[in-house]
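These notes are about the structure you will find just below.
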Amino acid sequence: MRLFLLVFLIASGLVGYGQDLTGIWRGQFRSNNRMMQLMNIDDRYKFEVQIAQRAKAFQAVTYSYKTTEFYGKADAKGTIHTGTKKVLLEELKIVEVRMRSGSDACIMTCFLQYSRNGNEEFLEGSYVSMNTTDSTDCGRGTVFLRKVETSDFFKEPFLVTREKEKKKAAESVRPPEKPAEPIAKATPPKTKTPATPKKPEAPPERPEKILQPKTAPERSTEPVTGKEIHKPGAPVLVPPVLRNRENELVKTITVNTREIIVSLYDNGTIDKDTVSVYLNKKQVVFNKMLSLSPITLTIQLDDDNDYQELVMVAENLGEIPPNTSLMVVKAGNQQFEVRITSTEQKNAVVVFKYEAPK
């Protein structure tokens, strides 16, 4: 039996001049029902929230859906804490619902944290839910959302109105255009008296020959072995997928140990996202699908190479674009988490640097 869980909380460092949550957020929620997990039942539901924020409060609508077995829409409201970037959004009432016979409709309250990764914005955390019939507990779980441009349904009128207000406010504060400078009155050119040509100087008896220095080739071969060697300034052979897409630096991680272990997971619904991974422009993972089981790499930072560049390349966008992953980095007693988004136009870059312990 599936629950309709629809209220949720959103985190953001927004308000006034801060981060504005106004827009469309899409992702998933999943219950913490251990029995369903042991039975390998997919209990993940797609989730979309539309938000129109004013000051520290916002109006919202939530959509919860899973193929044809469940669909629900609810009105919601929320508030934002600008210091902690946490937001509470509460489901007010269910306005539309379609579900199998014998199922219950529940409303949800979520407690999420806002985060930003480059140009991508995320909301994630936990929820609790309540049965709308008898107010009993419907369970709890996790929520993950990403800000997107378009809706799986249609843009709500209150959101359209708020976006128009923001656009109008932005246009009203634009600096006025600088007035054009007056055109100076043209004056007739002065007539110049032709200069008396100078007597040409005699050429030197022995003109020096100018020699152009030869440019050494960027690549050459060793005189005996014929092994190709790389000269400073020579072009590096870059794979086309790195050369033809934008490579965006997501994070620089400084570690104090030479060996680091990188684990890659799907960061949301398992929707058949596949990736390739390049380390210093050399492919180390080829077209593997992200899942709950990690793709694991071990990277060595030695004395001669204490700087490593890892590039995540989306081979496809899965069933729910874009291609999203969670990178967990373990370096000695240090641990880092990086959320990565890549598309068919943009790769994600993470740099690892070694610094000796002080």
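Out of the residues in the stretch 330-353 that are under 13 Å from D306 (Cβ atoms) and among the aliphatic types (A, V, I, L, M), state the one that is surrounded by the most Cβ atoms within 10 Å (Cβ to Cβ).
To start, the set of residues in the stretch 330-353 that are under 13 Å from D306 (Cβ atoms) comprises 331, 351-353.
Of the ones still in play, those that are also among the aliphatic types (A, V, I, L, M) are 331, 351.
Working: A331: 21, V351: 15.
So, considering only residues that are under 13 Å from D306 (Cβ atoms) and among the aliphatic types (A, V, I, L, M), the one surrounded by the most Cβ atoms within 10 Å (Cβ to Cβ) is A331.
Condition check ((1) aromatic (F, W, Y); (2) surrounded by fewer than 16 Cβ atoms within 10 Å (Cβ to Cβ); (3) without any contact (Cβ under 8 Å) to a residue 40 or more places away in the chain; (4) over 19 Å from R243 (Cβ atoms)) across all residues:
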| site | (1), (2), (3), (4) |
| --- | --- |
| S276 | no, no, yes, no |
| S291 | no, yes, yes, yes |
| L326 | no, no, no, yes |
| E355 | no, yes, no, yes |
| K358 | no, yes, yes, yes |
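Suppose we filter Q334, Q345 for residues that are within 13 Å of the chain's Cα centre (by Cα), in contact (Cβ under 8 Å) with a residue 60 or more places away in the chain and over 27 Å from Y45 (Cβ atoms); which single one remains? It would help to see each step written out before you state the result.
On the way: Q334 fails: within 13 Å of the chain's Cα centre (by Cα).
On inspection, the qualifying residue turns out to be Q345.
Being among the charged types (D, E, K, R), more than 18 Å from T22 (Cα to Cα) and more than 24 Å from the chain's Cα centre (by Cα) is the filter here; which residues of the stretch 46-79 pass it?
Taking the stretch 46-79 as the starting set, the residues that turn out to be among the charged types (D, E, K, R) are 46, 48, 54, 56, 66, 69, 73, 75, 77.
Retained after the next criterion (residues that are more than 18 Å from T22 (Cα to Cα)): 46, 66, 69, 73.
Passing the criteria: K66, E69, K73.
Starting from residues that are crowded, with 18+ Cβ neighbours inside 10 Å and within 12 Å of T132 (Cα to Cα), keep the ones in the stretch 93-116 and report whichever is farthest from the chain's Cα centre (by Cα).
My answer is A105.
Would you check if K166 is more than 19 Å from R30 (Cβ to Cβ), buried (at least 20 other Cβ atoms within 10 Å of the Cβ), touching a residue at least 12 places away in the same chain (Cβ under 8 Å) and not polar (S, T, N, Q)? Walk me through how you get there before you give the answer.
Details: more than 19 Å from R30 (Cβ to Cβ): yes; buried (at least 20 other Cβ atoms within 10 Å of the Cβ): no; touching a residue at least 12 places away in the same chain (Cβ under 8 Å): yes; not polar (S, T, N, Q): yes.
So K166 does not fit the description; no.
Read the figures in this text as sums done on the coordinates, not as results from a lab. All figures in this text were calculated on a predicted structure; none of them were measured in a lab. Every residue, glycine among them, receives a Cβ derived from its backbone with ideal geometry; neighbour counts consider all protein chains shown.
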